[in-house]
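Student: What follows is a single structure, and I will ask about it in a moment.
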Amino acid sequence: MNGIHDLGGMHGMGPVNPETDEPVFHADWERRVFALMMAIPGSVYNIDEFRHTIERMEAAEYLSTSYYEHWLHCLEVLMIEKGQFERAELEAAWSNAASAANGSA
Amino acid sequence: MADHDHTEPPSDTALRVKALESLLLEKGLVEADTLDAIIQLYEHNVGPQNGAKVVARAWSDPDYKARLLADATPAIAELGYGGVQGEDMVVVENTSDVHNLLVCTLCSCYPWPVLGLPPVWYKAAPYRARAVSEPRAVLKEFGVEIREGVEVRVWDSTAELRYMVLPERPAGTEGLGEDELAALVTRDSMIGVALVEST
């Protein structure tokens, strides 16, 4: 599929900007997303479905979000598509997480 | 595509991840202990120190180097490395005539068992866009000048196949053992954006 992910040769992306002494993860949530993706059993989805879900991201969102944000988007979308949970359950989990965060603030 | 009957996700990414994790735990799709073990493994045990040992062995043992270049996956497994994102490995050798550079233009395919998880720049748009169209300019940004007359080969990873660069052994390292050699080998040299220096 030709899409925004097909970046080879694209112009206007700017310098590479490598980071000195880069950590494996830059935030705790990156650790968690990585581990969630790895821990979900292979019977639920395969790697090609995972990749294709990222490739289906809206182009502007793809370019303006980070690697592990792509993974997060992918897991939310794919788990719903695979019938592992409903969108309404995810929304309820968002609101629970927000309440818990406010409660502890 | 957006369905406006739906609540938008929270703008706080950490919150969104917490919500997803709690839902997956509740559904029994993941277990907390497994998550912690995965993080421990990839943050502390798997990394470019593994690939460095493969390189040091290849520099020290010509028979091993021949096996590595002929069929990398079993040769790497001889040192105990393999598995996820390293199921089908190809090792490409830098020489005085050829410099190799790795990229994944479509996503971020990278040989985890030997190099660990990829750095941000490898996964980001500028490197993926430019490594294939102007590799010498990209190398220059990493401080690597490739002489005229040296061929630059860029290897674009596929969904299943992963590359690793076997860097050139630096001059002045003839007396060093494998451990000392491995200590000289950097992650970037095995991606092809650095050369190995003798000190």
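Read the figures in this text as sums done on the coordinates, not as results from a lab. Computed from a predicted structure; not experimentally measured. Virtual Cβ from ideal backbone geometry, glycine too; neighbours counted across all protein chains shown.
Student: For B:Glu197 and B:Thr158 in the same chain, what is the full-extension length gain: residue separation times 0.36 nm, less their Cα-Cα distance, in nm?
Tutor: Working: separation 39, 0.36 × 39 = 14.04 nm, distance 2.99 nm.
Between B:Glu197 and B:Thr158, full extension yields an extra 11.1 nm.
Student: Could I ask something else about it? Residue by residue through region A:2-7, what is 3J(HN,Hα) from phi via Karplus (6.51 cos²θ - 1.76 cosθ + 1.60, θ = phi - 60°)? Round to whole Hz and write x for glycine and proline.
Tutor: 7, x, 5, 5, 7, 8
Student: Decide, for region B:1-66, between rounded, prolate and oblate: order the square roots of the alpha carbon gyration tensor eigenvalues as a ≥ b ≥ c, take rounded if a/c falls under 1.5, and otherwise choose prolate if a/b is larger than b/c, else oblate.
Tutor: On the way: a/c = 4.08, a/b = 2.63, b/c = 1.55.
Judged from the Cα gyration tensor, region B:1-66 comes out prolate (a/c at least 1.5, a/b above b/c).
Student: Right, next: Just to be sure I follow the definition: excluding the sites themselves, where is the longest run in chain B that has none of the GluC sites (Glu not before Pro) in a DSSP loop with at most 16 other Cβ atoms within 10 Å? Working shown, then result.
Tutor: Details: sites that count: B:Glu31, B:Glu87, B:Glu145, B:Glu148, B:Glu160, B:Glu168, B:Glu174, B:Glu197.
It runs B:88-144.
Student: So, one more: Excluding B:Ala14 itself, what net charge comes from residues whose Cβ is under 15 Å from its Cβ, given Lys and Arg +1 and Asp and Glu -1?
Tutor: Working: positive: A:Arg31, A:Arg32, B:Arg16, B:Lys18; negative: A:Asp28, A:Glu30, A:Glu69, A:Glu76, B:Asp12, B:Glu21.
Surrounding charge for B:Ala14 is -2.
Student: At 222 nm, what helix-only mean residue ellipticity would chain A give, in deg cm²/dmol to the nearest 500, using -39500 (n - 2.57) for each DSSP H run of four or more? Intermediate results must be reported in sequence, preceding the final value.
Tutor: On the way: 5 runs with 60 residues, N = 105.
The helix contribution divided over chain A gives -17500 deg cm²/dmol.
Student: Please list 3J(HN,Hα) in residue order for region B:145-160, calculated via the Karplus relation 6.51 cos²θ - 1.76 cosθ + 1.60 where θ = phi - 60°; whole Hz, with x for glycine and proline.
Tutor: Whole-Hz 3J(HN,Hα) from phi for region B:145-160: 9, 9, 4, 3, x, 8, 6, 9, 10, 9, 10, 9, 4, 10, 4, 10.
Student: Additional query: Give, in whole angstrom and from largest to smallest, the semi-axes √(5λ) of the equivalent ellipsoid of region B:24-172, with λ running over the eigenvalues of the Cα gyration tensor. If you can, show how the numbers build up before the last one.
Tutor: Numbers: eigenvalues 172, 88, 33 Å².
So the equivalent ellipsoid measures 29, 21, 13 Å along its semi-axes.
Student: Now, a different point. Compute for the protein assembly as shown: radius of gyration divided by Kirkwood radius, i.e. Rg/Rh, restricted to C-alpha atoms, rounded to two decimals. Mind dumping the intermediate values first?
Tutor: Numbers: Rg = 21.0 Å, Rh = 20.9 Å.
Across the protein assembly as shown, the Cα-based Rg/Rh ratio is 1.01.
Student: Amide H of B:Ala194: which non-local residues (sequence gap of 5 or more, or other chain) have their own amide H closer than 5 Å, using H built in the peptide plane?
Tutor: Excluding prolines and chain starts, which carry no amide H, the hits are B:Ser189.
Student: Looking at B:Tyr42, B:Thr186, B:Gly172, which one has the Cα that reaches farthest to the positive end of the dipole of the protein assembly as shown (charges on Cβ: Lys, Arg +1; Asp, Glu -1)?
Tutor: Projecting each Cα onto the dipole axis, the largest value belongs to B:Gly172.
Student: Residue by residue through region A:10-25, what is 3J(HN,Hα) from phi via Karplus (6.51 cos²θ - 1.76 cosθ + 1.60, θ = phi - 60°)? Round to whole Hz and write x for glycine and proline.
Tutor: Calculated HN-Hα couplings, in order: 5, 8, x, 8, x, x, 6, 6, x, 9, 7, 6, 5, x, 4, 10 Hz.
Student: Could you give the dipole magnitude of the protein assembly as shown about its Cα centre, charging the beta-carbon of Lys and Arg +1 and that of Asp and Glu -1, in debye to the nearest 20? Could the numbers behind the result be given before it?
Tutor: Numbers: 23 positive and 49 negative charges, 70 e Å.
My answer is approximately 340 debye.
Student: A further question follows. Rounded to the nearest 20 debye, what is the charge dipole size of region B:47-191 about its Cα centre when +1 sits on each Lys and Arg Cβ and -1 on each Asp and Glu Cβ? Mind showing how you got there, number by number?
Tutor: Numbers: 14 positive and 21 negative charges, 97 e Å.
About 460 debye.
Student: Check which residues have an amide H placed less than 5 Å from B:Trp155's amide H, if you skip close sequence neighbours.
Tutor: B:Leu101, B:Leu102, B:Val103
Student: Write down, largest first, the equivalent ellipsoid semi-axes of region A:28-104 in whole Å, where each equals the square root of 5 times an eigenvalue of the alpha-carbon gyration tensor. Numbers along the way, then the final one.
Tutor: Numbers: eigenvalues 92, 52, 35 Å².
Values for region A:28-104, descending: 21, 16, 13 Å.
Student: Eigenvalues of the Cα gyration tensor times 5, then square-rooted: what semi-axes does that give for region B:107-169, in whole angstrom, largest first? Working shown, then result.
Tutor: Values: eigenvalues 84, 44, 27 Å².
Sorted largest first and rounded, they come to 21, 15, 12 Å.
Student: Sequence-distant or interchain residues sharing an amide H contact under 5 Å with B:Met164, placed H: which?
Tutor: Counting only residues 5 or more places away or on other chains, the set is B:Val90, B:Val91, B:Val92.
Student: Give the cross-link partners of B:Lys65 among the lysines, using a straight C-alpha distance below 26 Å as the criterion and excluding same-chain residues fewer than 8 apart.
Tutor: B:Lys65 reaches B:Lys53.
Student: Next question. Using the alpha-carbon centroid of each, what span in Å lies between region B:145-181 and region A:48-105?
Tutor: If you average the Cα positions of each part, the centres end up 38 Å apart.
Student: Quick check on chain B: of the DSSP beta bridges with both residues there, what percent are antiparallel, nearest 5%?
Tutor: Details: 0 of 12 bridges.
Of those bridges, close to 0 percent are antiparallel.
Student: Further question: Could you tally the net charge around B:Val150, taking each other residue with its Cβ under 12 Å from the Cβ of B:Val150, Lys/Arg +1 and Asp/Glu -1?
Tutor: Working: positive: B:Arg136, B:Arg147, B:Arg153; negative: B:Asp97, B:Glu145, B:Glu148, B:Glu151, B:Glu168.
Local net charge: -2.
Student: Return the unpartnered cysteines for chain B, using a Cβ-Cβ cut-off of under 4.7 Å.
Tutor: Isolated Cys, chain B: B:Cys107.
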